[in-house]
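The values are calculated or read from the model by the stated rules, or taken from the named source; none is laboratory data. Keep in mind that this is a model prediction, so the values were computed, not measured. Positions of Cβ are generated from backbone atoms using ideal geometry, with glycine treated the same way; all protein chains shown enter the neighbour counts. Only protein heavy atoms, including side chains, enter the accessible area calculation; ligands, DNA and RNA are left aside. Shrake-Rupley method; radii C 1.70, N 1.55, O 1.52, S 1.80 Å.
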Amino acid sequence: MSSRETILARIRGALADVPAEEGPEHVAVERAYRRSHLEPGQDPVELFAERVADYRATVHRAAPEDVPAVIARALTERGVGRLALPSGFPTELLPGGSRQWQSEPLTVPELEALDGSVTLAAVGIAVTGTIVLDAGPGQGRRALSLVPDYHLCVIRAEQIADDLPDALARLDPARPLTFISGPSATSDIELDRVEGVHGPRTLDVVIVEQSVEQSVEQS
Amino acid sequence: MSDRGVVWLGSPSFPEAARTALADQQLRTNLRRATTTIRDKRLAVAAELDDWEELRTAAEAIKRRTARHLDRYLLQLEEAVTAAGGSVHWAGDAAEANRIVAALIQATGEREVVKIKSMATQEIGLNEALALEGITAYETDLAELIVQLGEDRPSHILVPAIHKNRTEIRDLFAAEMAHWGEPAPEGLSDDPRELAEAARRHLRKKFLAAKVAVSGANFAVADTGTVTVVESEGNGRMCLSLPETLITVMGIEKVVPTWSDLEVFLQLLPRSSTGERMNPYTSTWTGVTEGDGPSQFHLVLLDNGRTDTLADTVGRQVLACIRCSACLNVCPVFERTGGHAYGSVYPGPIGAVLTPQLVGVEQAASLPFASTLCGACYDACPVKINIPEVLAHLRAEVVEAKRHPLSPEALAMKAAATVLDSPRLLSAAQKAASLGGRVLAREGRIGRLPGPLHGWSDTRDSPAPPAESFRTWWRKNREGTP
Amino acid sequence: MRIALFITCFNDTLYPGTGRAVLTVLERLGHTVDFPQEQTCCGQMHFNTGYRPEAAPLVARFARAFADYDAVVTPSASCAGMIRENHPVLAEQYGSTSLQQQVAELVPRVYEFTEFLTDVLKVTEVGARFPHKVAYHPTCHSLRGLRLGDRPLRLLRAVKDLDLVELPSADSCCGFGGTFAVKNADTSSAMLADKAAGVLASGAEVLCAADNSCLMHIGGGLSRQGSGVRTMHLAEILAGAEGEKR
Ligand code: SF4
C-alpha cells in the first residue's frame with residue numbers, strides 16, 4: 001500500500017465515530033462575525049490611510065492629475081533614481097525627469113541593482129491597512145516588488161475593500177498573491193517589532209482619490 | 001513506533017529541566033520581558049474586534065468540519081494542486097518525509113537550500129537529515145538563523161530564539177556569521193535595527209543564488225489548491241518567489257475547506273501571534289505560475305502521528321492549532337521555564353497537549369502535568385482549543401499507560417479514594433491528621449516536611465489542621481451528636 | 001428553598017471556619033442551610049492527577065448526597081468548576097445512564113458561594129463589617145473557569161469599612177494547581193514568589209479569594225517569608241468575623 005493509501009486509511013479509521021451519512025455541510029459553521037469592522041459612516045479610504053501609516057509606511061493621497069507630481073516628490077525624497085517598471089503600468093502616472101525606468105523582463109540580479117520599484121495593486125484592505133498584489137497588469141511578477149529595497153505602490157480609492165472578507169472575495173486565488181502590510185519587519189528580537197529586514201525597507205503608498213479634490217498629503 | 005522526531009532524545013523530564021531553567025536569571029528576565037510585551041499587544045488588537053468571540057467560534061467550527069472530513073479535503077487539495085501544476089507527496093512519518101525532500105533536492109542537483117521557518121520541518125528534523133545527505137539548509141527567518149548560528153534549539157514556536165536577548169544575539173552574530181557566509185559588520189551594536197540589517201546582509205546572496213527553497217505552510221485551501229505562508233521579514237517571499245524549485249512540507253491538519261474560510265484565520269492569526277492587525281507579508285500561491293516564481297512545486301503532506309491524534313475524540317481538537325503561539329505567551333509556566341524544558345520542538349501549552357499525542361504519552365509523560373490548569377491558554381487560543389480539558393484527558397492516559405499498582409503515587413491515590421468515599425473513614429482520617437499536624441506544628445504552622453512533600457514545604461508553610469473538622473463541629477453544634 | 005452546604009473535603013479538614021462563615025452569612029440573610037453528612041469530596045484531586053476511575057465513585061456519592069436539595073452551595077470555585085465541567089464527563093465515562101441523568105439534573109443547582117449570593121439571592125450587601133485593607137486574588141477557577149467576573153468584588157465593595165486595594169497582575173496564576181505544586185514544586189515556587197511579591201506591593205493586610213486551596217499556597221509562602229499578611233476566604237470576610245487562625 002502506498003503512503004497515500006495508508007494515510008487515508010488511517011484517517012478513515014481514526015474517524016470511526018463520524019457517522020457515515022455525515023457530510024462536511026452537516027458540521028455547522030456559524031459565521032456570526034462581521035463582514036466588516038468599519039463603523040457605520042466611516043470612510044474606508046481614510047481608515048486605510050491611517051492604518052497603512054500605522055505600520056510606518058508613508059501614505060500620500062492624490063487626485064488623478066496630481067499623481068505624477070506626488071510620485072516624483074516621493075522618489076526625490078527617498079533618493080531613488082533607478083526603478084523597476086512593471087508592464088502595464090499606466091505611463092500617464094509616471095513623472096518625467098532624469099529617472100531611469102527599467103521595463104520588464106528583469107532578472108533577479110538586474111532587480112537587485114535597482115533602487116526601487118513602482119507598482120499598482122489589486123486590492124486594498126482598510127481595516128488592516130493592507131495592499132494586495134496579484135501580479136496583474138502594472139504589478140509585475142512577485143520578485144519585482146520584493147528585491148529592490150524601495151516599493152512605491154499606487155492604489156485607486158475604489159480598490160480599497162472595507163475589510164478582509166470583502167477583499168478575499170475580490171481576489172482570484174489562482175493568481176500568486178502578496179498581502180503587504182507595511183515595510184518588512186521582524187518581532188524576533190525580544191518580541192518587539194522593528195522595521196526593515198529582507199523585503200523592501202521603505203514602503204510608500206499613493207492613494208488615487210476618485211474625485212478631483214485637493215490632494216492631501218499625510219505621513 | 002516509527003521514527004517521528006518531535007522530541008529531543010535524552011531530554012530530562014519536565015520538572016527536572018524546569019529546575020535548570022529556573023536557575024537561569026538571564027533567561028527568566030528575557031522571557032518575562034518578551035512575554036509581557038506581546039501579551040499587551042495581543043490584548044489591544046484583539047479588543048479592537050468586537051466580534052472576536054464570533055471569529056473564534058467560526059474558526060473552531062471550520063477546523064472541526066475539516067477534521068471530521070479530513071480524507072475528503074486532502075484528496076480535494078491534492079487534485080487542485082496537481083491541476084495547477086504542482087506535485088503532491090504523502091509522508092507517513094518523519095523519516096519518510098525527510099527521504100522525499102532529500103530525493104527531490106537531489107533531483108535538482110543542488111546541495112544548498114534556503115528555508116522558511118516551519119514547525120513541520122523542525123518536527124521531522126529535516127535539516128539534520130539533509131546534512132547527512134550532504135545538503136546544507138540555510139534558515140532564513142531571523143530567529144531560526146539565531147538558533148542555527150548558535151547550534152541551539154528553538155524554545156518558542158513563533159520566535160524560536162525568544163530565550164536570547166539583543167546582547168546575546170549581537171555576540172552570536174559577531175562570532176558565528178563568518179562561518180556560514182557574509183560576516184557580521186565590524187562594530188555591530190545590539191540595536192535590533194542593526195541586528196536585522198546584519199541578517200539582511202548575511203542572507204542576501206543566499207536568497208539571490210538559491211535554486212531550491214523549503215517551506216512550511218500556514219494554510220492550504222482544499223477547493224482551490226492555494227497554499228499560504230504568513231510571515232514578517234520577507235524571507236518567506238524571497239524563498240517562495242526566487243528559486244526554481246519550491247518544496248512545501250505541511251501537516252495534514254493544515255488544510256481548510258474553502259478560500260473564503262481564510263477570512264477567519266487571517267484575522268485571528270496575526271492578532272494572536274505578533275499582536276498586529278496584519279503581519280507584514282502573507283503569500284498565497286496555487287501550483288505554479290508561468291513566468292512568476294518557482295517552475296516546480298512539491299507539496300509534501302505529513303502524517304507523523306496526526307492520524308493517531310485524530311483517533312482520540314477528545315485530543316483531536318488539538319489538530320485545529322494554527323501555531324499562533326498565543327498560548328505560550330500567556331502561559332505562567334512557560335514564562336518561568338522557557339521552551340527548552342519541554343524537551344520538544346513544540347513547547348508551552350500547545351506542546352504539552354500535542355507532543356504526547358504525536359509521539360505517544362509514554363514518550364512525553366511529564367508534559368501533561370506541566371500545567372496548573374489555569375486556563376489562560378484556552379482563553380487566548382484563537383481556535384478555542386480547550387487545552388486544560390486535553391491536559392486532564394492526557395493525564396488520565398499517562399496514568400493508565402504507566403499504571404503500576406504499587407507505585408507510591410498510585411498507592412496514595414488509591415488510599416485517598418477509599419477514605420474519601422466514606423464519611424466515616426474521612427472523619428477518622430481528619431482526627432488523625434489533626435493530632436499528627438498539631439504535633440508537627442509550631443504557632444499554628446507546619447514548616448519543612450520530609451519525603452515527597454519537601455518540594456512543597458521548601459517555600460511554603462502549611463496550616464496546622466484545626467482541632468476539629470467541619471463535620472465534627474456540625475455534629476456537635478447543629479445535631480447535638482458528638 | 002432547600003439549601004445544602006458542600007463544604008469540600010479540603011475545607012472540611014483544614015478550614016472548617018470557612019464553612020461556619022458560609023452558614024453565618026446565609027443564616028443572617030434568613031436562610032436555613034443543611035449539611036448532608038454523606039458528602040465527602042468532588043474528586044477534583046483524582047481527576048486532575050489522572051486517576052479517573054478513582055474519582056468516579058465520588059461523583060455518584062455527590063449526586064446521592066445532594067439529590068434532594070434545590071441549591072448546593074460551596075465555598076470553592078475550583079470544586080464548583082470540577083462538578084460543573086467534569087462530573088458529566090466522569091458520569092458518561094464510568095456511570096450508568098441513571099447516574100448521567102442524576103448528574104445532569106444536579107449540576108445546574110450547584111453554585112459557588114458568590115454566585116449564589118449575587119445570582120440566586122441577588123444580594124451584594126450582606127451586613128458585614130471588616131475594617132482592614134484587603135486585596136482580592138481572582139483564582140484561575142474563579143476567573144476563567146466559573147467566570148465569576150466582578151461578583152466577588154461587588155460583595156467586597158459592599159462590606160462596611162473595608163478598604164479594597166488593587167492586586168498587581170491579579171489575573172496571573174499563583175502556581176498552586178493541586179498536585180502541580182508537588183510534582184513541579186520549583187516552577188510552582190517561582191510563580192508563588194511573583195504572586196507573593198504582588199500581594200506585598202498591594203499593601204494589603206489581608207488577601208482573600210474564593211478558594212482556600214490557592215490561599216493555603218499563597219499564605220504558606222507569605223508566612224514563610226514572615227510577611228505578616230493574612231489570608232482569608234471571602235466568606236469569612238462577609239461573615240464579618242476575623243476567621244480563625246490560619
Ligand atoms: S493551541 Fe491555540 S493558542 Fe496555542 S498555538 Fe495553537 S492556535 Fe495558538
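If you check B:Thr245, B:Thr228, B:Thr274, which single one turns out to be touching a Ser or Thr at 6+ places or on another chain (Cβ under 8 Å) and free of Cβ contacts under 8 Å to residues at least 60 places away in the same chain? If you could, list the steps in order and put the result at the bottom.
Numbers: B:Thr245 fails: free of Cβ contacts under 8 Å to residues at least 60 places away in the same chain; B:Thr274 fails: free of Cβ contacts under 8 Å to residues at least 60 places away in the same chain.
Result: B:Thr228 is the single residue among B:Thr245, B:Thr228, B:Thr274 that is touching a Ser or Thr at 6+ places or on another chain (Cβ under 8 Å) and free of Cβ contacts under 8 Å to residues at least 60 places away in the same chain.
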Query raised in the report: Within region A:59-99, which residues are in a strand (DSSP E or B) and under 19 Å from the mean Cα position of the chain (by Cα)?
Result: A:Val59, A:His60, A:Arg61, A:Ala62, A:Leu83, A:Ala84, A:Leu85
Query raised in the report: Taking strands (runs of 3 or more DSSP E) that do not extend beyond region B:73-157, which have at least 3 residues that are over 23 Å from B:Asn235 (Cβ atoms) and out of contact with any strand residue (DSSP E or B) (no Cβ under 7 Å at 6 or more places or on another chain)?
Result: none
Requested in this report: With the condition kept exactly as written, say whether any residue in region B:65-72 is part of a loop (DSSP other than H, G, I, E, B) and either under 19 Å from the mean Cα position of the chain (by Cα) or buried (at least 21 other Cβ atoms within 10 Å of the Cβ) (or both).
Outcome: yes
Query raised in the report: Could you count how many residues in region C:15-54 are assigned to a helix (DSSP H, G or I), under 22 Å from B:Asn477 (Cβ atoms) and either facing another protein chain (nearest Cβ under 9 Å) or open to solvent by 20 Å² or more (accessible area, probe 1.4 Å) (or both)?
Result: 9
Report summary line: Those residues of region B:277-306 which are over 24 Å from B:Tyr73 (Cβ atoms) and either within 15 Å of the ligand (Cβ to nearest atom) or outside the structural domain of B:Ala107 (by TED's automatic domain parsing) (or both) amount to B:Asn279
Report summary line: If we keep only residues of region A:163-178 that are free of Cβ contacts under 8 Å to residues at least 12 places away in the same chain and either touching a Lys or Arg at 6+ places or on another chain (Cβ under 7 Å) or not in a loop (DSSP other than H, G, I, E, B) (or both), then the residue farthest from the other protein chains (Cβ to nearest Cβ) is A:Ala169
**Report entry** Elements of type helices (runs of 4 or more DSSP H) in region C:113-204, at least 3 residues being open to solvent by 50 Å² or more (accessible area, probe 1.4 Å)
**Finding:** C:151-157, C:185-202
Requested in this report: Any residue in region A:115-132 that's over 20 Å from A:Val70 (Cβ atoms): show its pairings with residues that are among the acidic types (Asp, Glu) at Cβ separation under 6 Å, as long as the two are six or more apart or on different chains.
Outcome: A:Ala122/A:Asp134; A:Ala126/A:Asp162; A:Val127/A:Asp163
Requested in this report: Among the residues of region A:135-158, count how many are surrounded by fewer than 21 Cβ atoms within 10 Å (Cβ to Cβ) and outside any loop (DSSP other than H, G, I, E, B).
Outcome: 3
Report task. Tell me, yes or no, whether region B:383-400 has at least one residue that is near the ligand (Cβ under 8 Å from one of its atoms), within 18 Å of C:Gly178 (Cα to Cα) and either in contact (Cβ under 8 Å) with a residue 40 or more places away in the chain or of a type outside the set (A, V, I, L, M) (or both). Result -> yes
**Report entry** Matching residues in region B:307-338 - criterion: being within 14 Å of the ligand (Cβ to nearest atom), open to solvent by less than 10 Å² (accessible area, probe 1.4 Å) and either assigned by TED's automatic domain parsing to the domain that holds B:Gly225 or more than 12 Å from the chain's Cα centre (by Cα) (or both)
**Finding:** B:Thr309, B:Gly315, B:Val333
Report summary line: Over region B:274-290, the set of residues closer than 15 Å to B:Pro243 by Cβ, facing chain A (nearest Cβ under 7 Å) and open to solvent by 20 Å² or more (accessible area, probe 1.4 Å) is B:Thr289
Requested in this report: Go through region B:18-48 and give me each residue that's surrounded by 14 or more Cβ atoms within 10 Å (Cβ to Cβ) and not in a helix (DSSP H, G or I).
Outcome: B:Asp24
Query - Tally of residues being facing chain A (nearest Cβ under 8 Å) and open to solvent by 10 Å² or more (accessible area, probe 1.4 Å) across region B:241-256 - result: 1
Requested in this report: Look at B:Ala107 and say whether it is farther than 27 Å from B:Val159 by Cα and over 22 Å from the mean Cα position of the chain (by Cα).
Outcome: yes
Requested in this report: Considering each residue of region B:339-368, count those that are surrounded by 24 or more Cβ atoms within 10 Å (Cβ to Cβ), within 13 Å of chain C (Cβ to nearest Cβ) and away from the ligand (no atom under 16 Å from the Cβ), and give that number.
Outcome: 1
Query raised in the report: Out of curiosity, is C:Val59 within 15 Å of the chain's Cα centre (by Cα) and more than 10 Å from every other protein chain (Cβ to nearest Cβ)?
Result: no
Query raised in the report: List, please: which pairs have Cβ atoms under 8 Å, are six or more places apart or on different chains, and start with a residue in region B:160-179 that is of a type in the set (Phe, Trp, Tyr) and end with one that is not in a helix (DSSP H, G or I)?
Result: B:Phe173/B:Ala184; B:Phe173/B:Leu188
Query raised in the report: Out of A:Glu50, A:Glu46, which single residue is part of a helix (DSSP H, G or I), free of Cβ contacts under 8 Å to residues at least 12 places away in the same chain and within 21 Å of A:Ile180 (Cβ to Cβ)?
Result: A:Glu46
**Report entry** Scope region B:427-472; condition open to solvent by less than 40 Å² (accessible area, probe 1.4 Å) and modelled with pLDDT of 90 or more; matching residues
**Finding:** B:Pro466, B:Ser469, B:Phe470, B:Arg471, B:Thr472
Requested in this report: Please state which one of B:Gly92, B:Gly109, B:Gly86 is more than 23 Å from B:Val359 (Cα to Cα), out of contact with any Pro (no Cβ under 7 Å at 6 or more places or on another chain) and either in contact (Cβ under 8 Å) with a residue 40 or more places away in the chain or open to solvent by less than 40 Å² (accessible area, probe 1.4 Å) (or both).
Outcome: B:Gly86
